[in-house]
Each structure stands twice: as structure tokens, then as C-alpha cells.
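Only the coordinates and a few stated rules stand behind these numbers; no lab work does. These numbers come from a predicted model, not from an experiment. Note: ideal-geometry Cβ built from the backbone for every residue, glycine included; neighbour counts use all protein chains shown.
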Amino acid sequence: MKNISIWQDTVNNSDKYESLKENIDVDILIIGGGITGCSTFYQFKDDNRKIALVEKNRIGSGASSRSSAKITFLQEDIYTKLNNIFGRDKAYLYYRGEKEALKIASNLIEKEKIDCDLKKSKSYLYTLDSSNIKRIEKEKELLSSFGEKTTSIKKLPNGMKVESGFYVNETYTFHPLKFIKQIVKKSISLSHRVYENTKIIKVENDGDSFKCYTEGNIIKTKKIVLVLHYPYFLLPYLMPLKCYLEKSFLVCSSVNNSYDFNAINIEKPLKSMRYYNDYLLTVSSSDNLAFASNSKNMVNDLENNTNITNYDYVWSNYDLMTLDHLPLIGFIDDNLILSTGYNTWGNSNGILASTIIKDLIDNKYNIYKELFDPRRSFNKQKLINYPLNIFSNLYSFIDSKVNKNKSFYNGNPKFTRIDGRAIAIYKDDRGKEHIVYNKCPHLGCGLVFNEVEKTWDCPCHGSRFDLDGKCIMGPSNYDISYK
Ligand SMILES: Cc1cc2nc3c(=O)[nH]c(=O)nc-3n(C[C@H](O)[C@H](O)[C@H](O)COP(=O)(O)OP(=O)(O)OC[C@H]3O[C@@H](n4cnc5c(N)ncnc54)[C@H](O)[C@@H]3O)c2cc1C
């Protein structure tokens, strides 16, 4: 069984880009090579300005390489939620944006002949619980009122019986890493450069431009597009208060019959599915990261929820959840654009964001600017959720310090202190010891061992480190290797 995503395992990794080795001066700097950063880079393909895309690891190594890779506008009961908070017009505007994103993606893939296993499929929303039938009906009615064709069902195409459900047409599944890597390759030119293994550790205002520091060089830029999933800095944006991270496990199991549909249920426990070649990909056991430290328990829950115990791949993914269910896309400061908070729907939203970002930079009107504005004003929902987010941040910080979640591990790994610093030692199957500092360099949380994927994970803000301490994901900009 492999503990990487099926996308990471089935992509050609031969296109590598040099890290930055000199000071450079550009017009636009895109920080983060996930689906948002790479789609944005593509949007500027034929632009005359100088553009750099920097990625702290390899292109596509973040959340985008670990999703279930649906591109769909049917996103649980998002339209009911938005209708309740903002009213029908804004719910409709979100729907319009998601539909547009699907069109942008399919047109781009066709125009550029991107070979990324794009498949048109139906998306299903279902419930297994009779008390949720009304919720399904509400979402269906709302979508119908937007002009969308919806069809009721009593079972999924693979024969799974449901209490209630419906499907919509014209949605997609794809291979996200094949997509990301190819659109980057298509967009490179002498004035449009990509730098891998190049992390931005500090951003400074410098008159009417910015100085962005990597570990050895400075990038001077007029505009910044911050698409790094979870910003490493606290101020000015205070992300931990505005969003929380949701963590889920995904498994892929080989099946005899594969189907062209994707489905998600409306309740918890989550049971989302799609097929890829001869595999069934299932997502389950999602939880607020603060309460999802024990990866082994999460996978046990997934097995219980889904009755899937034999699988070829298992991996986790995190996404940023916003307080009002809308992504955060737009200016957070003069010439500084942020895009994140996709509430587990970053393929459509990341692609849509790239076109919004292009318009914002070009000073053009964009119909979604106000809807996604990260500086949008407080509303009742936010006021309720701010204290909840403060609580979950504090909970995971204190839990990581007081408990260190040691009780999970049956003696491996071991925790100790050397020269006053918290150390963790993991002994692998061959008896080799892997020693790391047990404190997240981002904001100082104690790290939790992820027994499923054999990584050190931060329970506060989602940074992850491999057995030898290299940061592989999340806001931390530094490793935890013991030296
Ligand atoms: C279980 C699960 C299933 C999901 N399934 C779906 C799905 O089916 N469909 C869908 O639409 N969405 C799905 N999502 C959501 C989707 O995975 C994310 O929303 C999306 O991948 C986020 O893309 P991104 O570009 O913002 O971030 P990322 O892909 O994480 O890209 C950000 C990049 O920035 C880099 N970076 C970070 N800091 C720095 C720095 N200081 N300097 C330079 N680079 C830096 C990182 O290394 C990373 O590569 C799912 C999420 C989860 C949790």
C-alpha cells in the first residue's frame, strides 16, 4: 500500500525547474505553484510583462496534488448555505462563477491540448439519512431555480442505494498534477520564469514596489499574487482567525467496474467518491484539524464509514475553510492579491480565481470582485465563528504542548529534550533512527506523528514534515531536521 496520492504516483516528474540563484526584478510575482498559482501563470501567458512563479518545493506539491480531483459546481449544499447567509442573488453569483470555471478549464484543456485525463461526468448529491431528505430537496430546488437541470435518483450508477439524491450534468474529473505541470510548461518564456525549491520568507514594502526575500536572493516586484494556500505570516491578515483547516483521508482501491460519475453526501460522516481508471477514490473522516491529530483513528473511521478495508493508496489532504463559505480572492493590500479559502473546492475556485486575479491586476471590471473580496465586511456568521476559530487554535496549541498526543504511539516515536529543546525520535522498520525537533517553526506548536503517512504534522496550522524533518507542506518555511 502506498501512502502518497494516486496523482503523485502517476505523473511524469521529469520537468524540473532551477531554484532562484540571483536577484531579479519582475512586474508580477506569483508565490505558490498549486492549481491557483499555475492557472494564474497561464492567464498571463501572452502578456508582455516580466513574471516569475516561485514554489518552495516542486510545482504542484501542495494541496492540489492530494485532492479527489473533481471539477464540479455541485458542492454539497453550498447554494442553500449561501442563500441563507447572503440571499439568492449572491448564491446565484457563486453558481455562475463555478459554471464559468468549468468552461474555462475545459476550453483551456481543449485549446492547449492538455492531456490530463479530463472526463465529462455527472455529479451526484445524496443522503443516506432520511432526516436529510429536506436538505437535498432544498438544494435541488435552488439549483433548478437557477435554470440548472437536476434529476432525482434513488441509487447511484454503481448500484449504491440512497435515501434521496439528484444529479447534475456537465461536470468533470481530471488528473490535477498532469493539468498543473502541462499548463506551466505551456506558459514559460524568456520573460515568464518558474523557480522551484525557492521559498519566500519575507515581504517588504519598498516605495511603490515590494522586496521579496528568498533564502539567498531578493525579488523586486511591482505586484504580488499570494497563492500559497496558507500564508506563513500572521500579520496583516490574521488567517488563523478567519479560516480553519479541515483534514480528510482519501483512499484508492482497485475495482472491477469503473463508472463515469462523482458523488458526495450531504451529511457527516463524509463519503465522497469518484473513479479513476480502475480505481475507486473515496474521501471520508473529515474533521477540523484541531480535532484530527490521530491519523490512525481517522483511517479506522474511514474504514468503518465506507466498509473499504483493502486499498492501494491512502493519503490525507487539508483545505482552508472560510467562515461564510466563500473563498477569499482579491486585494489584501495595495498591489498584494491573496487567493485561498476554497472550502475543499479549489479546482474550480482556483481556476476561476486566476481570471479574477488577471482582471484585478489589469484594473478591469470583474463581476466576482465584491463577492470574493477578502476584506468583505463582518456579518453574523463571522461573529459566531471568530471565537470558535480562536478556540480551535488555542485547543490544538495547548493540546500539543500539554499532551503531546503521546498516548497514540505505543513507544514509537520517543520524545525527549536535548539542550532544552523538544526532540522526537522515530525508529523505522529497518531500525534506523530519524531525529527531528518537535516544534513547528511556524508558530511553535508541538508536532504530532502521522502514523499513516509517516510524517510529522502540526495540529494547529497544517505544516507537515517528512521523517527527516524536511517541510513538505503548510505555512512553515523551515525544516525541523536535528543538527
Ligand atoms: C480531502 C480533500 C479533497 C478535495 N477534493 C477536491 C475536489 O475534488 N475538487 C476540488 O475542486 N477541490 C478539492 N479539494 C480542495 C483542493 O485540494 C484545494 O482547494 C486546492 O488544491 C488549493 O490549491 P492552492 O493552489 O490554493 O494550494 P496548493 O496546491 O497548496 O498550492 C500552494 C503552493 O504554495 C507553495 N508555497 C507555500 N508557501 C510558500 C512560500 N513561502 N514560498 C513559495 N511557495 C510557497 C506550496 O508549496 C504549494 O505548492 C479537496 C480538498 C481536500 C482536503
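Dipole check for region 183-327: with +1 at the C-beta of Lys and Arg, -1 at the C-beta of Asp and Glu, and the Cα centre as origin, the magnitude is about 620 Debye.
Averaged over residues, the count of other Cβ atoms within 10 Å places the peptides 422-428, 446-452, 128-134, 220-226 in the sequence 446-452, 220-226, 422-428, 128-134, highest first.
Local charge sum around Asn300 (other residues, Cβ-Cβ under 14 Å, Lys/Arg +1, Asp/Glu -1)? That works out to -3. Available extension along the chain between Met160 and Glu137 is 6.4 nm, counting 0.36 nm per residue and deducting the alpha carbon span. Between Ser144 and Leu128, the simple spin-label model (points 7 angstrom out along Cα→Cβ) gives 2.7 nm. Summing Lys and Arg as +1 and Asp and Glu as -1 over all other residues whose Cβ lies under 15 Å from the Cβ of Thr355 gives a net charge of +2. Let's test the formula: R0 of 25 Å, r as the Cβ-Cβ distance of Asp334 and Glu215. What FRET efficiency results, to the nearest 0.05? Working from the Cβ atoms, E equals 0.40. The DSSP beta bridges internal to the chain are antiparallel in roughly 75% of cases. Net charge dipole, region 1-75: roughly 340 debye, given to the nearest 20, about the Cα centre with Cβ charges of +1 for Lys and Arg and -1 for Asp and Glu. For the pair Thr416 and Ile188, label points projected 7 Å from Cα toward Cβ lie 4.5 nm apart.
Computed from the C-beta positions of Glu204 and Asn169 and an R0 of 51 Å, the FRET efficiency is 0.55 to the nearest 0.05. Taken about its Cα centre, the chain carries a charge dipole of roughly 200 debye when the Cβ of each Lys and Arg holds +1 and the Cβ of each Asp and Glu holds -1. Rounded, prolate or oblate: which fits the chain when a ≥ b ≥ c are the square roots of the eigenvalues of the alpha-carbon gyration tensor, with rounded for a/c under 1.5 and prolate only if a/b beats b/c? Taking the square roots of the gyration eigenvalues as a ≥ b ≥ c, the chain is rounded.
Full extension of the chain segment joining Asn297 with Lys113 gains 62.0 nm, where the gain is 0.36 nm per residue of separation less the Cα-Cα distance. Selection among Ile337, Trp7, Tyr311 by position relative to the dipole of the chain gives Tyr311 as farthest towards the positive end (Cβ unit charges, Cα centre). FRET efficiency for the pair Asp312 and Ser258, taken as 1/(1 + (r/R0)^6) with r the Cβ-Cβ distance and R0 = 22 Å, rounds to 0.95.
The Cβ shell under 13 Å around Lys483 holds other residues with a net charge of -1, Lys and Arg each +1, Asp and Glu each -1. Per-residue ellipticity at 222 nm from helix content only, as computed over the chain with -39500 (n - 2.57) for each DSSP H run of at least four residues, stands at -8500 deg cm²/dmol.
Take the Cα of Leu241, step 7 Å toward its Cβ, do the same at Thr10, and the gap between the two points is 4.4 nm.
Taking 0.36 nm per residue of separation and subtracting the Cα-Cα distance, full extension of the segment from Glu370 to Arg49 would add 112.9 nm.
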